[in-house]
Amino acid sequence: MNPVVLNGVAALPHLGVIRAEGPDAASFLHGQLTQDFALLDASQARLAALCTAKGRMIASFVGIRPQPETILLVCSRDILAATLKRLSMYVLRAKARLTDASADFALYGVAGTAVAANGLDTSTPPGRRISIGEASVVSLYPADGIPRALWIAPANSPPPAGNALETDLWQWGEVRSGVATLTTPVLDAFVPQMLNYESIGGVNFKKGCYPGQEIVARSQFRGTLKRRAYVVRADAPLKAGEEVFAANDAEQPTGTIVQAASANGEWSAIVSMQIAALDAGGLRAGGPQGVALTVDPLPYPLLADI
């Protein structure tokens, strides 16, 4: 694989922000998402999912609580409107107001030496939030060992310090981190464990109920999980939603591409697929004779099934 220089500051126009405000904002989201928002404090960030009653993910978020009665949920802009509408349906009597706040914030990705240049500790574990001026900065999983952070600041704020980084390169880093962000082509397709969300802090099994909670818990505690997410690379284009086939079965797909990006002529993707397909080998995208895929080691450990 050609070396990719993931270094600098990237604008992130493909992401948007849902703002939840009010005395019940945290408790409302706590009852809707896979993560514990009731105990979320200002020093933390939460990876979380919104699921259907069948436990299938229809949105994913990075959530922060910059003020006691305000929570910001960063998600893919292409699913924001539908997600906001769905969450708003269940507010009912809760003292919480949900709005599309994308226009109120500037979002940047900070990578490589730009992380330290902006006063961030490169050894900070994923899921921490700090304030730099009016900005909220969230430490993310690294990409091929390169530190990364999400910068959330009021609109029209100056960008973080650093060279300009192309958004496409940032998205490559997102894929290489192994942490999937849901977009339209792959909605309602995976329980959280199929994207390794329980291994990267996206599911709290000790919190109360939320839509799909019973199925998500059953997948974890009854050993029914047969799919995981893996990082792959290829020398031809890949796209979210494409089916993946293994050498031992040309008839039935073994998985689905969740997210894909290119850099320096190389393509990389997060694939959710049957665990058994790793042993079968011969993985191809788009069809049994499609683009050959090479599986790379995951950049984080997977939690064992219970």
Checklist entry - Among the residues of region 241-254, is there at least one that is in contact with a Phe, Trp or Tyr (Cβ under 9 Å, 6 or more places away or on another chain), among the polar types (S, T, N, Q), at pLDDT 95 or above and within 28 Å of LEU12 (Cβ to Cβ)? => result no
Checklist entry - Which of the strands (runs of 3 or more DSSP E) contained wholly in region 1-99 include at least 2 residues that are without any contact (Cβ under 8 Å) to a residue 60 or more places away in the chain and of a type outside the set (Asp, Glu)? => result 57-67, 70-76
Next on the checklist: If GLY282 meets every condition in (1) in a loop (DSSP other than H, G, I, E, B); (2) at negative phi; (3) not charged (D, E, K, R) apart from one, which number is that one?
Outcome noted: (2)
Next on the checklist: Conditions first: (1) buried (at least 19 other Cβ atoms within 10 Å of the Cβ); (2) among the small types (Gly, Ala, Ser); (3) touching a His at 6+ places or on another chain (Cβ under 8 Å). GLY208 passes all but one, so which condition is the exception?
Outcome noted: (1)
Checklist outcome for this item: In region 118-147, residues that are surrounded by fewer than 17 Cβ atoms within 10 Å (Cβ to Cβ) and closer than 22 Å to ASP168 by Cα total 2
Checklist outcome for this item: The lone condition TYR108 fails out of (1) in contact with a helix residue (DSSP H, G or I) (Cβ under 8 Å, 6 or more places away or on another chain); (2) closer than 24 Å to SER43 by Cβ; (3) not charged (D, E, K, R) is (1)
Checklist outcome for this item: Within region 241-262, of all residues that are in contact (Cβ under 8 Å) with a residue 40 or more places away in the chain and in a loop (DSSP other than H, G, I, E, B), the one surrounded by the fewest Cβ atoms within 10 Å (Cβ to Cβ) is GLY241
Next on the checklist: Can you go through GLY290, GLY265 and tell me which one is surrounded by fewer than 19 Cβ atoms within 10 Å (Cβ to Cβ) and on the phi > 0 side of the Ramachandran plot?
Outcome noted: GLY265
Checklist entry - Taking region 159-192 only, how many residues are surrounded by fewer than 19 Cβ atoms within 10 Å (Cβ to Cβ), among the charged types (D, E, K, R) and out of contact with any Gly (no Cβ under 9 Å at 6 or more places or on another chain)? => result 2
Checklist outcome for this item: For region 268-278 the number of residues that are buried (at least 24 other Cβ atoms within 10 Å of the Cβ), part of a strand (DSSP E or B) and out of contact with any Phe, Trp or Tyr (no Cβ under 8 Å at 6 or more places or on another chain) is 1
Checklist entry - What's the number of the condition GLU214 fails, among (1) closer than 26 Å to ALA48 by Cα; (2) surrounded by 14 or more Cβ atoms within 10 Å (Cβ to Cβ)? => result (2)
Checklist entry - How about region 263-276: which of its residues are in contact (Cβ under 8 Å) with a residue 40 or more places away in the chain, more than 22 Å from ALA304 (Cβ to Cβ) and over 16 Å from the mean Cα position of the chain (by Cα)? => result ALA263, ASN264, GLY265, GLU266
Checklist entry - Applying the selection to region 193-208, what residues are at pLDDT 90 or above and either assigned to a loop (DSSP other than H, G, I, E, B) or in contact with a Cys (Cβ under 7 Å, 6 or more places away or on another chain) (or both)? => result ASN196, TYR197, GLU198, SER199, ILE200, GLY201, GLY202, VAL203, ASN204
Checklist entry - Looking at (1) at pLDDT below 95; (2) crowded, with 18+ Cβ neighbours inside 10 Å, which is the one condition that is false for ASN156? => result (2)
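The values are calculated or read from the model by the stated rules, or taken from the named source; none is laboratory data. Just so we're clear, the structure is a prediction, and the values are computed from it rather than from any experiment. Neighbour counts run over all protein chains shown; Cβ positions are idealised from the backbone, glycine included.
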